[in-house]
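First up is the structure itself, then whatever we jot down about it.
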Amino acid sequence: MGQATITLTVAQAIVRYLAAQYIEVDGVRTRVCGGGFGIFGHGNVTCLGEALYDHQDSLPLYRGQNEQGMGFAAAAYAKAYLRRRFMFCTASAGPGTANLLTASALAHANRLPMLMLCGDAFLTRLPDPVLQQLEHYGNPALGLNDAFKAVTRYWDRITYPAQIIQSLPAALNTMLDPADCGPAFIGLPQDVQGWTYDYPLSFFEERVHRIRRQAPDVAEVADAAAVLAGAKRPIIIAGGGVQYSGAVAELTAFAEAHGIPVVETIAGRANLLDDHPLNIGPIGVTGSDSANTIAEQADVILAVGTRLQDFTTGSWTAFAQDAQIIGLNVARHDAAKHMSLAVVGDAKLGLDALGQALDGYKAPDAWKAQAQAERAKWVEYVAENTRVGNGPASYAQAIGVVNAHCHKRDRVVAAAGGLPAEVTANWRTLDIGTVDVEFGFSCMGYEIAGGWGARIAQAEMEPERDTIVFTGDGSYLLMNSDIYSSVLTEKKMIVLLLDNGGFAVINKLQNNTGNESFNNLIADTPTATHQVEVDFEAHARAMGALAETVDNPAGLAVAFARAKAADRTYVICMKVDPYDGWTTGGHAWWEVGTPHVSDHEKVTAAHKDWESTRSRQRKGV
């Protein structure tokens, strides 16, 4: 007998396949695709919309307000699930799909899975040129969707219905691969979406996926263990990959068994509790004096699950020139950076293997004591830095208030501007895996949209807890419409809107490089000739949220209690000083381009001062 088949459109087959894919998360079998976000247009409503309508229970579709926000929400959802589940985004051909480019770049930079199912021009070209189509006279096959090749891990355009039999599993395998994880894009020409094919029924059988755990090479482990065994001043840099691997317990056990101090990257925040004796603090440009001090002195650095971004390495000035880096990473590209001694493999298995090979080794007690003494000084600094009343209202004070009054399992979301640095430096981790500071792409607008996606995931796992969003006025004005989405879908967020009158952190960088304030703060924008303030409270209320404005951090504490008790999204607005109250400690050097010549003496002096640290930069080693 021949193979059993079913006649479906391309769109129907895609949706039916996604609905049949499962994964086990903490022993519970669930769909690997949690549903999707969609804004319909002529390029996806007639065919893909028809298919999704019949799968509303298995693949719930959230209506977005902006395609970029949909992508941010999908990324935050995947991050909350530690990359074990993903959401799809569907957009129409043309500007709708173009709006997803930034979100795809964010997912790519952060190694997060997201599936994009986007409309495309007609394959037959019979009606060309069609609405919203770009015309390249010398290359008629080139279109807007080709732009996604630079910001995806997997890209395909379906030109024949049978192609999805290979394309969909390939996209799924990419998104679930711990080394290659990232966004996948599938372009769907408007005519092809509706074409039919006799698909094998076996293609739609339920399948349970598992995240691959790659064991490290025995020889690589032995080499790394030999280096570590001779270390007098070792440290561990714990990145976001520790959490994605589910290796927090192994990291903790390894550090405790060998007495090695641990510092965290931005993505690795909340790998260890704030009060763990080996947690020496966050490292790098937006780090802590404690972590940066011991990093400078370390002779061996075990980098676990980190891509060693410049904000972690201080643009490669954070470590001694002769320090040996060991890169334990499931991705070969990351494990071998800067001539690291590479241990390519899963963090959980790699730490276990290294621990066995290092049996009996302990870092010198004096080194551990020195690290802990530095940490104690940083704890005192943070306590004073976040103390209400220590100066004008500041980000740090607001962070301290929320930290003191939130539940330990509440999830914190921040992204762009000054808040990622302030949260990273000042937030005391109350429980594991509760911090999402998006600084891989540091994308304005992620805060509220990402908060919505994080809350969707949280509502599925810990519905009794809250998602807390820190955002500045700049990011709020750029993208705020998912406050309305959160109200519509009953996915409550608590939004802290801290207004410093513009892009204050870039104004600070502008001033620190000798430049005068210009075009960052609204007050310093020459073309802003009619200076008016936004009524953020009224604006949030207009989108259905509850909202209030407080005058100071003391009032914020009372308002936060009201927000916790509220039944829907609650926005708290507070002004903070754009100049005073920044966290001044904990900063490693950061390479930024400064003018080598200038007519302004302050700019020239700042350039010379900035360049004076370059001698410490490791150049590729």
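Worth a mention:
- In Å², nearest 10: area of residue 149 left accessible to a 1.4 Å probe: 110
- Extended-chain gain in nm, criterion 0.36 nm per residue less alpha-carbon gap, residue 219 and residue 274: 16.3 nm
- Those trypsin sites (Lys or Arg not before Pro) in the range 430-539 that DSSP places in a loop and that have at most 13 other beta carbons within 10 Å: none
- Accessible surface of the range 238-360 [probe 1.4 Å, protein heavy atoms]: carbon and sulfur percent: 52
- 3J(HN,Hα) couplings calculated from phi for the range 427-444 with the Karplus curve 6.51 cos²θ - 1.76 cosθ + 1.60 (θ = phi - 60°) are, in sequence order, 6, 8, 5, 9, 7, 5, x, 10, 10, 10, 9, 7, 10, x, 10, 6, 9, 4 Hz; Gly and Pro show x.
- Accessible surface area normalised per residue over the chain is 39 Å², counting heavy atoms of protein chains with a 1.4 Å rolling probe.
- Helix-derived mean residue ellipticity, 222 nm - over the chain, DSSP H n ≥ 4, -39500 (n - 2.57), to 500: -10500 deg cm²/dmol
- Spin-label zone in the range 1-21 - amide nitrogen under 13 Å from a point set 7 Å from the Cα of residue 50 along the C-beta vector: 8-13
- Residue 155 long-range amide H proximity, modeled H, under 5 Å: 185
- Short-range pairs are left out: with C-alpha atoms under 8 Å and at least six residues apart, the relative contact order of the range 225-370 is 29 percent.
- Note on residue 348: lysines with a C-alpha under 29 Å away, same-chain residues under 8 apart excluded, are 79, 232, 337, 362, 368, 408.
- Rounded, prolate or oblate (a/c below 1.5 giving rounded, otherwise prolate when a/b exceeds b/c) for the range 419-548 by Cα gyration tensor: oblate
- Judged by the gyration tensor of its Cα atoms, with axes a ≥ b ≥ c, the range 168-214 is oblate; a/c meets the 1.5 cut and b/c is at least as large as a/b.
- Shape of the range 476-621, Cα gyration tensor, a/c cut at 1.5: prolate
- Residue among 239, 401, 604 farthest towards the positive dipole end of the chain, charges placed on Cβ: 239
- Relative to the longest principal axis of the Cα atoms of the chain, helix 446-461 runs at roughly 80 degrees.
- Length-normalised contact order for the range 92-209 - Cα pairs under 8 Å, 6+ apart - percent: 35
- Among beta bridges from DSSP that stay inside the chain, the antiparallel ones total about 15%.
- For the range 578-594, Karplus couplings with θ = phi - 60° (6.51, -1.76, 1.60), whole Hz, Gly/Pro x: x, 10, 9, x, 5, 6, 8, x, x, 9, 7, 5, 9, 7, 10, x, 10
- Sequence-distant contacts, meaning Cα pairs under 8 Å at least 6 residues apart, place the relative contact order of the chain at 13 percent.
The values are calculated or read from the model by the stated rules, or taken from the named source; none is laboratory data. Just so you know, these numbers come straight off a predicted model, no measurement behind them. Every residue, glycine as well, gets a Cβ built from its backbone with ideal geometry; the counts of neighbours run over all protein chains shown. Calculation scope for accessible area: heavy atoms of the full protein, side chains included, ligands and nucleic acids excluded. Shrake-Rupley method; radii C 1.70, N 1.55, O 1.52, S 1.80 Å.
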